[in-house]
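Computed from the coordinates by the stated procedures, all read-outs in this text should not be read as laboratory data. Because the structure is a prediction, the values reported are computed rather than measured. Neighbour counts run over all protein chains shown; Cβ positions are idealised from the backbone, glycine included.
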Amino acid sequence: MEPNYPLSLSNIPPSLSIQRACNPSIICHRHTISRDVSKFYVEEKKKLLKFLGNPNHTIHLTTDTWTSTCQKINYMVITAHFVDDDWVMHKRVINFKRVNNHRGEDIGRVLLKCINEWGIKNVMTITVDNISSNDKALKYLIEHLPGMYDNGKHFHIRCMAHILNLVVKDGLKVHEKAVETIGSAVKYIKNSSQRIEKFKVSIKNTCDSNRFLIAECPTRWNSTYDMLKSAIDLQEAFYNYSLKNASFSRDLESIPRRADFDACQRVCDFFLKNSKRKPNYEILDIDKHLREWEVVPKFDEMVEKMRFKNDKYWGDYKKINHYMYFAVLLDPTMKSEMRGYGFRHLMENGCIPEENEFDVDTPVEFLTGPEKEDKIKVLVSEVETNMGVLFGLYNEKYGTKLTVNSSDVKKSSSTQCTNTTRRRGNTFLNSFKSQNSNRSSGVDDELRKYLKEPPIELDDKEDFDVLLWWKVNSPRFPIVSKMAKGNKS
């Protein structure tokens, strides 16, 4: 059955003919299909309830609320993210419902009710957009959920995709008029079937292209790129359409002109060079890239605004969530060496001030080379110490249940992990490889043993599956692997 079609279509003559041709002995009635789908849903929900309710399983949640533009109704969705016992990552929508409003405490109550209904015992983090009501919602949750690392200070994860969208939108303000003019024209044409047909005629008369205009989604910066790129490719069709349809210029405040397309071409040139950049642990790669492009005359004004917005969220190392640091340490290709190199990058760009005994920040340019390196060692040591606190919580919970049998497992090399995580094209990681720094460790036992092992070296074209590596090495690091499973969800 095709999605969004009623099950009753299974009993129309063409469908029955197909069923008889495939297997004459089995004809699926719509009631039978409905019953089987409902039965499958109940069975899968039972399995999910059992997994999520297991206190040994770490669950991460994401949630979002929005108002339907056509119905004027508030909706909320909650998604659970977790790694199963076979080290496979999953995400499941566990709640989709109407809500009365977007008030923080009300959102928090709905979240808590959902967590309790599913019997979830171990929520590590919740990722949400950057609005004040979400801050209040998570504060409410922290007060009602026990046993959190560092009293829930790092429970709140800010959505990187949302931040990246805000960064790009700030950059687009430099060419705001041109982008809005083209965006309004695209929306105007796509909102009418008659205009669409007339524009297709203009395409045929000017471009002979099979492409058509792409609508923009305001919450996705890459959709803005797609919208602008499609419009630029069809700009001659816009001129033709304007000449043949007087209502185009009459209905819109302004119609796209060549200067608008030229400005948006520069925007697309920049985005095209950055379209393969990914968020997650590559925050510093984005930062490095923005600082490099900030000095290019053609893009300096736009990129400067983007960097300022980026620094608002990631420019202060103290505001970065501990779990993001832990994710780097728990990546066997990075560990403390990468963390130290990252701190050095932040310090060189003024993101880490030196504090003296009077809590007055000393500008980094006044620090000597050895003082900078000492500060970096202290920062790395602090991250490892904080991770040691988390290790202690895991050790207290699982230490008596897990045993280390290192003789049964050989150290895993990168060749054992051939899934889909790719590192090529990351300028920050490439520069890290060429300047591998020394590290210091202050964490004992199993965690110290893991951190002391040198990072796995990868070629630029080599794939690496971090979950597969931890699956293979979990007998050597039973507790740390539990941390990795929870942190990588």
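What is the sum of charges around His175, taking Lys and Arg as +1, Asp and Glu as -1, for the other residues whose C-beta is under 15 Å from the C-beta of His175?
Details: positive: Lys169, Lys173, Lys177, Lys229, Arg257, Arg258, Arg266, Lys298, Lys305; negative: Asp170, Glu176, Glu180, Glu216, Asp260, Asp262, Asp269, Asp300, Glu301, Glu304.
Taking every Cβ under 15 Å from that of His175, the sum is -1.
Near the amide H of Asp64, under 5 Å away, which other amide H atoms are found, from residues 5 or more places off or on another chain, if H is placed in the peptide plane?
Residues meeting the amide H criterion: Val77.
Give the residue from Asn56, Val128, Met89 lying farthest towards the positive end of the charge dipole for segment 21-128; charges sit on Cβ (+1 for Lys and Arg, -1 for Asp and Glu) and the dipole is referred to the Cα centre.
Farthest towards the positive pole: Val128.
Going 7 Å from the Cα of Ala246 along its beta-carbon direction, which residues of segment 195-211 have the amide nitrogen within less than 19 Å of the resulting point?
Residues passing the 19 Å test: 195, 198-199.
For a quick check: with amide H placed at 1.01 Å from N, whose amide H comes under 5 Å from Ile94's, ignoring anything fewer than 5 positions away on the same chain?
Ile78, Thr79, Ala80
If we count every other residue with Cβ under 10 angstrom of Ala80's Cβ, Lys/Arg +1 and Asp/Glu -1, where does the sum land?
+2
Going by how many other Cβ atoms sit within 10 Å of their own, how do Asp465, Asp285, Asp459 line up, fewest first?
Details: Asp465 17, Asp285 22, Asp459 9.
Taking fewest neighbouring Cβ atoms as first place, the list is Asp459, Asp465, Asp285.
For segment 19-99, rounded, prolate or oblate, judged on the Cα gyration tensor with a ≥ b ≥ c (square roots of eigenvalues), a/c < 1.5 rounded, else prolate if a/b > b/c?
Since a/c reaches 1.5 but b/c is at least a/b, the shape of segment 19-99 is classed as oblate.
Put +1 on the Cβ of each Lys and Arg and -1 on the Cβ of each Asp and Glu in segment 165-313; which of Met306, Ile286, Thr206 then has its Cα farthest toward the positive end of the dipole?
Thr206
In which sequence would Val77, Val110 go, from the one with the fewest C-beta neighbours within 10 Å to the one with the most?
Val77, Val110
Please list 96-105, 168-177 highest first by mean number of surrounding beta-carbon atoms within 10 Å per residue.
Numbers: 96-105: 12.6, 168-177: 18.3.
Going from most to least packed, we get 168-177, 96-105.
Normalised by the residues of segment 165-313, what does the relative contact order come to in percent, with Cα pairs under 8 Å and at least six apart? Spell out each step's value before the answer.
Working: 144 pairs, mean separation 49.5, N = 149.
Once normalised by length, the contact order is 33 percent.
Report, in whole Å, the centroid distance computed from the Cα atoms of segment 52-100 and segment 317-351.
Their Cα centres are 29 Å away from one another.
Using a 10 Å cut-off on Cβ atoms, rank the peptides 472-482, 55-65 from the highest mean neighbour count down.
Ranking the peptides 472-482, 55-65 by packing returns 472-482, 55-65.
On a 19 Å Cα-Cα criterion, which of the cross-link pairs Lys121/Lys397; Lys318/Lys375; Lys169/Lys309; Lys153/Lys471; Lys229/Lys461 come out too long? Each step should come with its number before you reach the end.
Working: Lys121/Lys397 13 Å; Lys318/Lys375 14 Å; Lys169/Lys309 10 Å; Lys153/Lys471 29 Å; Lys229/Lys461 29 Å.
Listed pairs above 19 Å: Lys153/Lys471; Lys229/Lys461.
Net charge near Asn151: determine it from the other residues with C-beta under 15 Å of the C-beta of Asn151, scoring Lys and Arg +1 and Asp and Glu -1.
It works out to a net charge of 0.
What order do you get for 39-51, 298-310 when each peptide is scored by the mean count of other beta carbon atoms within 10 Å, highest first?
298-310, 39-51
Give me the distance in nm between label points sitting 7 Å out from Cα along the Cα-to-Cβ direction at Lys47 and Ile18, one decimal.
In this crude label model, Lys47 to Ile18 measures out at 2.6 nm.
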